[in-house]
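Colleague: Pasting a structure below so you can have a look.
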Amino acid sequence: AFGLKMIEHAEQNAREAFNAMRAAAKSKDVSEVLKVQGEYLREQGARSLSQAREVGELIAQFGRDAIAPLTGKKK
């Protein structure tokens, strides 16, 4: 699950980067390019936080699952 999630995140990030590059290439002037870049950076920052939370939860769940047999607790 962890490996698949990392691939999904990479695909999403690449897709969004290419979308931003296309929008910048279609821009009529430098101010539009700067606007596209700013929006991309804001969105990528939020996306990175969300992806880090997802990965953190996967790691935490893996840890819980790994120690459950030792403690006798079920998830």
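The values are calculated or read from the model by the stated rules, or taken from the named source; none is laboratory data. The structure displayed is predicted, hence computed values, not measured ones. Accessible surface is based on the protein model in full, side chains and every heavy atom, while ligands, DNA and RNA are left aside. Shrake-Rupley method; radii C 1.70, N 1.55, O 1.52, S 1.80 Å.
Colleague: Consider the candidate values [x] 12.7, 37; [y] 13.9, 43; [z] 18.7, 64; state which one is Rg and Dmax of the Cα atoms in Å computed from the structure displayed.
Modeller: Structure-derived value, by its label: [z].
Colleague: Given a 1.4 Å probe and the protein chains all in place, what does the accessible area of residue 58 round to, in Å² to the nearest 10?
Modeller: Only protein atoms counted, so the area is about 50 Å².
Colleague: Could you give the angle, 0 to 90 degrees to the nearest 10, between helix 2-26's Cα long axis and the longest principal axis of the Cα atoms of the chain?
Modeller: The answer is roughly 10 degrees.
Colleague: Taking θ = phi - 60°, what integer Hz values does the Karplus form 6.51 cos²θ - 1.76 cosθ + 1.60 yield along the range 48-65, in sequence order, with x for Gly and Pro?
Modeller: Each residue's phi maps through the Karplus curve to give 4, 4, 5, 5, 5, 5, 4, 5, x, 5, 4, 5, 5, 5, 4, x, 4, 5 Hz.
Colleague: What does the accessible area per residue of the chain come to in Å², with a 1.4 Å probe and no ligands, DNA or RNA counted?
Modeller: It amounts to 79 Å² per residue over the chain.
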